[in-house]
């Protein structure tokens, strides 16, 4: 008797069969076995394909419990808050050539960033919006080379190599002529920079400020890396010959703070451990610049309950107290809130506490991406002690944005592009969008120096960017004119210092805003 199945599995359509769903049981079993086997193979790797992570085009992967990889705007990594900006990038990619020279050769620029790391928080959305606005301005009337963006999300920083693997995808794409972003001041970012430099891809970093993250290891600043973990690579420099950054490095920010804040601070608040380049390189530089050994107050960045303990320590001094805050901004709101609780509870002997931070402190101007952190931020900025001036916060700006809002054509260009893309103007306040825009605009300015009808080479873009120097042309950035020194660092005097004022209540449909006032030497800044 002939079998009712073909190839053992499939029902024979030439027979009076199948007529029940159960006749497909062999196919169902085979598929289930295949899925189990395939799942066992892919989940052995830290990066694997997943149906929820761009399975069909292969440009995104699952890393742990999140999606990483590349997106041209049609895929949002399963992160709803980024769907709108990625949709805008997708639309702008499709319309890139509309206003450009018809003979202009197209280019692809990678924007590499973390959308989900806790040290980025809600600001990552603003950063990507700034990059999208940079693309919009680049492709406006008169552009020579239509610019497409490919968003490279490295996910949250962890022990695996997803950041490097994502960067390798960019490096292997021959259409990518430059990369903007590069993520945060982390060891993985140093590895990414070296990989891209090996592929001769110029990079314009927008947010990395830690010492060592330039082409010479910040040699002129004479940084001290002894507080950092011993297996780091950035003391030797990163991305040699191909790395530039529009963010002001910590040494410049510390000089700006010292210029407007006379005297020696009472405490310096710093996290334990040496794995984070941002505080481990800033701590010895702060100690040296402010004149000797300042009392350190340490907390565990992985244990939130240790932050209020630092507030208790600071409150034990019966005078006006000044605290240098050398840590990630994710813990700053909790610290400010803990100080307010101590004042209101009569447990703070200090008459006032002035907290002084480098630029990451301006995270308190940004809505957080988790309800708990956002509640802490709002409580801190609306607290009685913050409103009456017993608690003050001073910080360097992420960029020159606040300083140049009124009279800088570059900032007006950003505002126009931001509004044209449909983004919220309040997202410009923290400066991350400004630096994201300036990184992409630096690449765009380089492209405008190259012939329109000829294919663009990575080396040509790199040569053009290196020419933006104090002796040559400057980029008209939204945060002020941009030039680079021989190490790839931004070359101007640095960002201003501001006092962060209490949160203004929302008016109508506009989100609540956190204003700042400029701090000048010898003149107390009043909100």
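The values are calculated or read from the model by the stated rules, or taken from the named source; none is laboratory data. Here the structure is a predicted model, which is why all the values come from computation and not from measurement. We place every Cβ from the backbone using ideal geometry, glycine too, and count neighbours over all the protein chains shown.
One line per residue, one yes/no per condition, for (1) in the same structural domain as residue 208 (by TED's automatic domain parsing); (2) more than 30 Å from residue 95 (Cα to Cα); (3) surrounded by 21 or more Cβ atoms within 10 Å (Cβ to Cβ):
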{"position": "425", "(1), (2), (3)": "yes, no, no"}
{"position": "439", "(1), (2), (3)": "yes, no, yes"}
{"position": "443", "(1), (2), (3)": "yes, no, yes"}
{"position": "452", "(1), (2), (3)": "yes, no, no"}
{"position": "457", "(1), (2), (3)": "yes, no, no"}
{"position": "478", "(1), (2), (3)": "yes, no, yes"}
{"position": "485", "(1), (2), (3)": "yes, yes, no"}
{"position": "523", "(1), (2), (3)": "no, yes, no"}
{"position": "527", "(1), (2), (3)": "no, yes, no"}
**Item:** Residue within region 317-324 that is closer than 23 Å to residue 225 by Cβ and touching a residue at least 40 places away in the same chain (Cβ under 8 Å) present
**Value:** yes
**Asked** within 26 Å of the chain's Cα centre (by Cα) and on the phi < 0 side of the Ramachandran plot, is that true of residue 271?
**Response** yes
**Single match in 357, 383, 330 (criterion: outside the structural domain of residue 116 (by TED's automatic domain parsing) and at pLDDT below 95)** = 330
**Fill in**
Okay, strands (runs of 3 or more DSSP E) sitting entirely in region 81-199 with 3 or more residues that are closer than 30 Å to residue 225 by Cα, I get 107-113, 176-181
**Item:** Matching residues, region 234-258, being under 23 Å from residue 111 (Cα atoms) and over 19 Å from the mean Cα position of the chain (by Cα)
**Value:** 237, 240, 241, 242
**Message:** Looking at region 110-132, I want the residues that are on the phi > 0 side of the Ramachandran plot and have a partner that is assigned to a loop (DSSP other than H, G, I, E, B) with Cβ atoms under 7 Å, at least 6 apart or on another chain. Which pairs are those?
**Reply:** 121/366; 121/368; 121/369
**Request:** Tell me, yes or no, whether region 289-302 has at least one residue that is out of contact with any helix residue (DSSP H, G or I) (no Cβ under 7 Å at 6 or more places or on another chain) and free of Cβ contacts under 8 Å to residues at least 12 places away in the same chain.
**Result:** yes
**Prompt:** Got at least one residue in region 452-459 being within 28 Å of residue 115 (Cα to Cα) and in contact with a strand residue (DSSP E or B) (Cβ under 9 Å, 6 or more places away or on another chain)?
**Reply:** yes
**Request:** Scan region 157-172 and give yes if some residue there is within 20 Å of residue 424 (Cα to Cα), crowded, with 24+ Cβ neighbours inside 10 Å and in contact with a strand residue (DSSP E or B) (Cβ under 8 Å, 6 or more places away or on another chain), otherwise no.
**Result:** no
**Request:** Can you tell me which residue among 239, 217 is touching a helix residue (DSSP H, G or I) at 6+ places or on another chain (Cβ under 8 Å), without any contact (Cβ under 8 Å) to a residue 24 or more places away in the chain and within 30 Å of residue 459 (Cα to Cα)?
**Result:** 217
